[in-house]
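Contents: one structure, followed by commentary.
The values are calculated or read from the model by the stated rules, or taken from the named source; none is laboratory data. Remember, it's a predicted structure, so these values are computed and weren't measured experimentally. No Cβ is skipped: glycine too gets one built from the backbone with ideal geometry, and neighbour counts run over all protein chains shown.
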C-alpha cells in the first residue's frame, strides 16, 4: 500500500506527523495523525505540594500557560474547599479575558488568517503575517503587534510574569491591582474592543463577501456532524473562566450539563498504540471509531463548539455578532469546521468587552485578595475553557496537600479524534487516483488542521506563519517516488 | 561579511522558550538584519532533510531549547551539533532538564502505567501502550522511543553556552543574542545572564536576614508584599538562584522557585539552597531543627524543581 508521510509538521508548538495510506487504486485508505511525544505530568507531579501545581502544570504549554495556571488554581480552590474572594475572582478573570484577546488575535492574523486574507491559492511566500500587513496595511499590522505587547504587559502586571505567571493560589491571588495599573488596563481594553470589531469587519469583507471562500466554508469536505462541548454561565451564555460544561448533540439539543466534579461520568479516553496522545470521547455514547454522527462519542471543544452549546454571549456587541453568524449560516448548531474562525473572532470581541467591564469594576482594585484555606485537602477538579477547548485538571492529595494522583484532559486533546477525521476527509476529498501532489493539496490539508488552532505541546500549538508540510509519496515497496514541499 | 546563519530548535519543551525568543519585541528586526534563520520548526518551513544536507559547521549558532526525552530529540541534537559552530542550551530544559526532569523521580514504566492505564478517565482494558513500531491494517507506523531518563543538552553533546530561565526573560535573551551577533563572546561554557550572583542581590524587597522558627507554604499565609519573603518564612529560592531575571516573582508576592539555576561556581543548586536554609533555622536543638525541617514537605521537588537531571542525584533509583 502506498504511504504519504507528512513529517515533521513544522510551525507548530510541539511535534506532530501525518501518515496517509493510499490503496492500490490511489485513493486514500486511511490517515493517521501521530503525536510523537510524552512528558508525563500526570505522574511526576506525584509527591509535589498541591499549591505548586499552577506553576508546575503550566509547563505543559508555554503558549497558553494562563489556561493551565487557572484551571489548576481552580482545582486548588475545590481541593482546599476555599472560595476565592470576589476581588480575586475578578482579577483572575480579567487576566484571562486579556489572554483570550491576544491568543485569538494571534491565531487570526498570524496563523490561520493569512489563508483567508491572502487567499488559499496565493503563493506561500505571501501567505504569512508580512503578506497580511502588505494587504491590509501597515496600520493594522501595527495594531496586531501593539495589542500583543500591551496584553503581555497586563499579564506580567497582574500575573507576575509575562510567560508562566505565578499569581494563582487557592482562595485568591498573590497580588492586588493598583489604581494606576487599572486605569492603564481600562485604556488597553477600550482599544481591544475596537480592535476586535475591526477584525470582524476584516473577516466580513474578505471572507463573507467572497463567494469562493464562503462556498469552501460551507462545503461538505470541511463539515462534520459531531457533539459539541463548552463552558456556560447560569444563563447558558459562553464563559471562559467558570460555570458548567454543557454538551449538545449533533441536532443542537442539550445532551448533558455537568459541574467540574462530575466530569468522569461523562468523559472517557481511548489509547491507540500508534500515538502518545489519548482520544477523549463521550462515555455515554461510546467509542465507535473515527466517525461522526449521533452514534459516535466524538465531540468537539472549539470556539465554534462553545457558541454551539450556548444560548448567547454575555456582552452586547459580541451577542449581536453571535446572532448574525447563526442567521447567516442557517441556525444552530453549525457543523462547518472553517466557521470556527468566525466564532473565534466573536469570542475575541466578548473577551475584550469582558476585560473592559472588569477593568471598570469598582472591586477590581480591592485589597481583599486572599482567603486562607482552613480545611483538610482531599480531592479537587478545576475546569476553564482554554482557547483550544475545555481544560480539566483533577487532583487527589493526602491530608498534607501532597499530590497523590492527577488527571488532565487538555484543550486540543478533546479535538484529537475530530482533527484526525477532518484531515482524513479533506485528504479523501482531494487525493484521488492519479493525483499530482501539489502545493494546493498541502494547503487544503493545512486549512483543515488550522481551524482547530491545535496545540500538541498542550497537546501542540501553532506559531507565526503557515503550516509548512512535506508530503512524501512511497510506492508499495516503500521506495520514495515523489516529494512535494513548500519552499 | 555575509549574514550569520542561525538555527533554533525545540526538543522536549512547552513552547515557552519559542515565545520567549519572540518576546524581545522589535529587536527581532535587528536579528533579522544580521542573520538568516535557516531552521526554526516553530515558525519556518525548513525540514530535517534541509539540515541534513547542510555542510558541517555551516550554521553559525544554534539556540536549542527543550530537554532530551526521546530518540528524536537526541538525533536532532547530535545533527545540529555537527552543523553548528556554536551550540547554546537556551532555557531551563536544555540547560538543566527543568520541570519535565522531575520525571526522573519515577521509572518510565510507572509514567506509562499512570498515563495509559491508571488515570480515571482512561478506558483501556486491553492494556494498550504506544509503541515505537506498530502494524496497522494499512502498513507500519513509527514513533520515537522514550528514554528512561530525562537529560539536559550538555549530557549528550558538547554545549558552548547556557542561557538560564523558564523561560529566559527578554533581557537575558537579548544579552545572549547581542553577544552572538557581535561576536563579543564570553569564555566557552559560560552561563549568559546579567548576574552570576544570587537573586537576593537584585531583589528590591528589603532583607533583614531573619532566622525563622517555622517555614510556611505559600497558601498558608498572606505575606507582607514589601518585605523579604524568606524573612517571613516562605521558601524563597533567591538565596541559591542566579539573578538576572529582575526578581519578578518575589515582587508579585510569590517566592522564587529557582528557574535561573545555580549561582556562578555552584554545581548543585539543591545542596546550596539546603545549606543556606540550614543556617537560617532559629534553633540549636536537634529535635526542634528536625521538626522545622520537616515543614519542607517535598525536599526533592522543591530543591531540584528545575535541576534534577544535572544534580548530583540525577535521578531516583527505581525498580
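Miscellaneous remarks
- Flag for residue B:279 being surrounded by fewer than 14 Cβ atoms within 10 Å (Cβ to Cβ) and at pLDDT below 95: yes
- Subset tally (residues that are crowded, with 16+ Cβ neighbours inside 10 Å, facing chain A (nearest Cβ under 8 Å) and under 33 Å from the mean Cα position of the chain (by Cα)) for the stretch B:130-153: 6
- Here residue A:104 fulfils each of the conditions (1) within 14 Å of another protein chain (Cβ to nearest Cβ); (2) under 30 Å from residue A:217 (Cα atoms); (3) part of a helix (DSSP H, G or I) apart from (1).
- Candidate set from the stretch A:285-298 (those that are more than 15 Å from residue A:422 (Cβ to Cβ) and in contact (Cβ under 8 Å) with a residue 40 or more places away in the chain); member that is surrounded by the fewest Cβ atoms within 10 Å (Cβ to Cβ): A:294
- Those residues of the stretch B:282-301 which are away from chain A (no Cβ under 14 Å) and surrounded by fewer than 18 Cβ atoms within 10 Å (Cβ to Cβ), in sequence order: B:282, B:283, B:284, B:285, B:286, B:287, B:288, B:289, B:290, B:291, B:293
- Failed condition for residue A:156, given (1) away from every other protein chain (no Cβ under 11 Å); (2) within 24 Å of the chain's Cα centre (by Cα): (1)
- Residue ID - modelled with the highest pLDDT, chosen from residues in the stretch B:24-48 that are touching a helix residue (DSSP H, G or I) at 6+ places or on another chain (Cβ under 6 Å) and surrounded by 23 or more Cβ atoms within 10 Å (Cβ to Cβ): B:39
- Any hit, the stretch A:299-307, residues being away from chain B (no Cβ under 14 Å), surrounded by fewer than 18 Cβ atoms within 10 Å (Cβ to Cβ) and either out of contact with any strand residue (DSSP E or B) (no Cβ under 6 Å at 6 or more places or on another chain) or more than 22 Å from residue A:107 (Cβ to Cβ) (or both): no
- Residue match in the stretch B:278-301 (condition: within 25 Å of residue A:168 (Cβ to Cβ) and under 15 Å from the mean Cα position of the chain (by Cα)): yes
- Top-ranked residue in the stretch A:177-211 [being surrounded by fewer than 22 Cβ atoms within 10 Å (Cβ to Cβ) and within 14 Å of another protein chain (Cβ to nearest Cβ); ranked as nearest to the chain's Cα centre (by Cα)]: A:181
- Counting only residues that are in contact (Cβ under 8 Å) with a residue 12 or more places away in the chain and on the phi > 0 side of the Ramachandran plot, the stretch A:303-330 holds 1 of them.
- Subset of the stretch B:223-244 [under 25 Å from residue A:72 (Cα atoms), surrounded by 15 or more Cβ atoms within 10 Å (Cβ to Cβ) and within 14 Å of chain A (Cβ to nearest Cβ)]: B:223, B:225, B:229, B:234, B:235, B:236, B:237, B:238
- Among the conditions (1) buried (at least 24 other Cβ atoms within 10 Å of the Cβ); (2) assigned to a loop (DSSP other than H, G, I, E, B); (3) at pLDDT 85 or above, the only one that residue A:47 does not satisfy is (1).
- Complete set of residues in the stretch A:228-250 that are surrounded by fewer than 19 Cβ atoms within 10 Å (Cβ to Cβ) and free of Cβ contacts under 8 Å to residues at least 40 places away in the same chain: A:234, A:244
- Count of residues meeting criterion [under 24 Å from the mean Cα position of the chain (by Cα) and facing chain B (nearest Cβ under 9 Å)] in the stretch A:46-56: 2
- Candidate set: the stretch B:245-264, residues that are free of Cβ contacts under 8 Å to residues at least 40 places away in the same chain and part of a loop (DSSP other than H, G, I, E, B); chosen: the one surrounded by the most Cβ atoms within 10 Å (Cβ to Cβ): B:254
- Residues in the stretch A:59-83 that are in a helix (DSSP H, G or I) and either within 8 Å of chain B (Cβ to nearest Cβ) or in contact with a strand residue (DSSP E or B) (Cβ under 6 Å, 6 or more places away or on another chain) (or both): 14 in all.
- For the stretch A:315-340, a residue qualifies if it is touching a strand residue (DSSP E or B) at 6+ places or on another chain (Cβ under 9 Å), surrounded by fewer than 15 Cβ atoms within 10 Å (Cβ to Cβ) and within 14 Å of residue A:197 (Cα to Cα), but none of them does.
- Wholly enclosed helices (runs of 4 or more DSSP H) of the stretch B:8-111 bearing at least 1 residues within 30 Å of residue B:127 (Cα to Cα): B:71-83
- Test set (1) under 22 Å from the mean Cα position of the chain (by Cα); (2) assigned to a loop (DSSP other than H, G, I, E, B); (3) surrounded by fewer than 20 Cβ atoms within 10 Å (Cβ to Cβ) - residue B:179 fails condition number: (2)
- Elements of type helices (runs of 4 or more DSSP H) in the stretch A:338-449, at least 2 residues being within 14 Å of another protein chain (Cβ to nearest Cβ) and modelled with pLDDT under 95: A:411-414, A:416-430
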